[in-house]
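The values are calculated or read from the model by the stated rules, or taken from the named source; none is laboratory data. Keep in mind it's a predicted model, so treat the numbers as computed, not measured. Every residue, glycine as well, gets a Cβ built from its backbone with ideal geometry; the counts of neighbours run over all protein chains shown.
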Amino acid sequence: MTDLIPVFDGHNDALLRLYQANDATVEARFIEGLPGGHIDLPRARKGGFAGGMFAIFPPPLEQPGARRAMSTDDEAPPALERAEALSSTLAMASILLRLERISDGAFTVCRSAGAVRTAVEKGSLAAVFHIEGAEAIDTDLALLDVLHAAGLRSLGLVWSRPNAFAHGVPFRFPATPEIGPGLTDAGKALVKACNRLNVLVDLSHLNAEGFRDVAKISDAPLVATHSNVHAICGHSRNLMDWQLDAIRDTGGMVGLNFATGFLRPDGRMGGDTGLDVMVRHLDALLEALGENGVGLGSDFDGAHVPKAIGDVSGLPKLIDAMEKAGYGRELIEKIAWRNWVGMLERVIG
Ligand SMILES: [Zn+2]
């Protein structure tokens, strides 16, 4: 490694970690250094993490069974009440905006690809406002307008549970994503509204029928921000060959998920997962999608990642692994950040 290659990443759950810390000073602590989890500003700088899609994920209610329902081979986690989702979604949006306000320029909420580029050049952490699970949004889509005005630029209709718009794919291994029905009428309207507002529609967590519906309806490139290759790890959250083909046909993109349970051929979560399996998924994604269709989608602060990476400061290890696998500098930069910025240019402007 000569110099640090910047990484702009398709998915992290840092806002969830900050929200669940339930601490009024948490934004300042994120900027100064917040131990635990995967991301804070000092570690981001150390690892070359230049930014990414910062997800707002309305968490399940902490009730008996809620956590158990997040494990594999279970039924879909239960649906979330709108009022509950609204409360947590707005709280996390506020955390995102406060991070920018108190950061003295070190953290920027980016509403365009140009803003991401400028932030990366300045060394300000570039955050794109993303929602993972649209439970907070009313079916008249009034809140969508408000969230868009606040900076929302990317939205996944579902997390791995059903809502008013679509059906998320439950966590199962081995299983295909062919579980459950497609989009509701409200879901179809939401996809069209996202197209009109230039909000990216994220397919990660959506089931197969929903994926087909989005492919039919959407006029934007198909994007899965944090999913892996089903042919290598047969988890319901990973993408089948036909899905990769559909993504390629629209000039779309996939971000590599670092979650060990979505990487390993045995589907197990384990810290001893090597970087070689990450490169295997990257190889397969490159083969299926071409050099412009592959990025990273770490799932930092939302998943169990390989010990070899540990947290955001370990990103250079993955860059090294790509170099050792024979990837050239130009390809590594595309995967690390340029492809995401190019995709944002096309979708959000
Ligand atoms: Zn996710």
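Tell me, please, whether a residue that is under 18 Å from the mean Cα position of the chain (by Cα), surrounded by 21 or more Cβ atoms within 10 Å (Cβ to Cβ) and of a type in the set (D, E) can be found in segment 306-329.
Looking through segment 306-329, none of the residues is under 18 Å from the mean Cα position of the chain (by Cα), surrounded by 21 or more Cβ atoms within 10 Å (Cβ to Cβ) and of a type in the set (D, E).
Looking at segment 96-117, which of its residues are within 18 Å of the chain's Cα centre (by Cα) and hydrophobic (A, V, I, L, M, F, W, C)?
L96, V109, C110, A113, V116, listed by residue number.
Among (1) under 22 Å from I348 (Cβ atoms); (2) assigned to a loop (DSSP other than H, G, I, E, B), there is one condition A246 misses while meeting the rest; what is its number?
Checking A246 against (1) under 22 Å from I348 (Cβ atoms); (2) assigned to a loop (DSSP other than H, G, I, E, B), the one that fails is (2).
Report whether or not G261 is in a helix (DSSP H, G or I), over 23 Å from G52 (Cα atoms) and within 16 Å of the ligand (Cβ to nearest atom).
no
Only one residue in L244, L256, L197 is among the hydrophobic types (A, V, I, L, M, F, W, C), surrounded by fewer than 20 Cβ atoms within 10 Å (Cβ to Cβ) and at pLDDT 95 or above. Which one?
L197
Does at least one position in segment 211-220 carry a residue that is at pLDDT 95 or above, within 16 Å of the ligand (Cβ to nearest atom) and touching a helix residue (DSSP H, G or I) at 6+ places or on another chain (Cβ under 8 Å)? Can you show your working first?
Here is the first cut: in segment 211-220, the ones at pLDDT 95 or above are 211-220.
Next, from what is left, pick out any that are within 16 Å of the ligand (Cβ to nearest atom): 211.
From what's left, touching a helix residue (DSSP H, G or I) at 6+ places or on another chain (Cβ under 8 Å): 211.
Within segment 211-220, one or more residues are at pLDDT 95 or above, within 16 Å of the ligand (Cβ to nearest atom) and touching a helix residue (DSSP H, G or I) at 6+ places or on another chain (Cβ under 8 Å).
I'm trying to understand the selection: among the residues of segment 153-179, which are within 19 Å of I56 (Cβ to Cβ) and either among the polar types (S, T, N, Q) or in a loop (DSSP other than H, G, I, E, B) (or both)? Working first, answer last.
Filtering segment 153-179 for residues within 19 Å of I56 (Cβ to Cβ) gives 153-166, 168.
S154, L157, V158, W159, S160, R161, N163, A164, F165, A166, listed by residue number.
Just a yes or no: is a residue in segment 180-194 within 15 Å of the ligand (Cβ to nearest atom) and part of a loop (DSSP other than H, G, I, E, B)?
No, there is no match, as no residue in segment 180-194 is within 15 Å of the ligand (Cβ to nearest atom) and part of a loop (DSSP other than H, G, I, E, B).
Scan L125, L147, L141 and give me the residue that is over 30 Å from G48 (Cα atoms) and more than 16 Å from the ligand (Cβ to nearest atom).
L141
Output the number of residues of segment 268-302 satisfying the condition of being surrounded by 22 or more Cβ atoms within 10 Å (Cβ to Cβ) and assigned to a loop (DSSP other than H, G, I, E, B).
The qualifying residues number 7.
How many of the residues in segment 89-141 are of a type in the set (D, E) and at positive phi?
Residues that pass the stated criteria total 1.
Are any residues in segment 195-209 more than 15 Å from the ligand (Cβ to nearest atom), more than 18 Å from V146 (Cα to Cα) and under 20 Å from the mean Cα position of the chain (by Cα), and if so, which ones?
Looking only at segment 195-209, we keep the residues that are more than 15 Å from the ligand (Cβ to nearest atom), and these are 195-199, 208-209.
Now drop any that are not more than 18 Å from V146 (Cα to Cα), which leaves 208-209.
Across segment 195-209, the qualifying residue is only A208.
Take P6 and tell me if it is in contact with a helix residue (DSSP H, G or I) (Cβ under 6 Å, 6 or more places away or on another chain) and more than 14 Å from the ligand (Cβ to nearest atom).
So P6 fits the description; yes.
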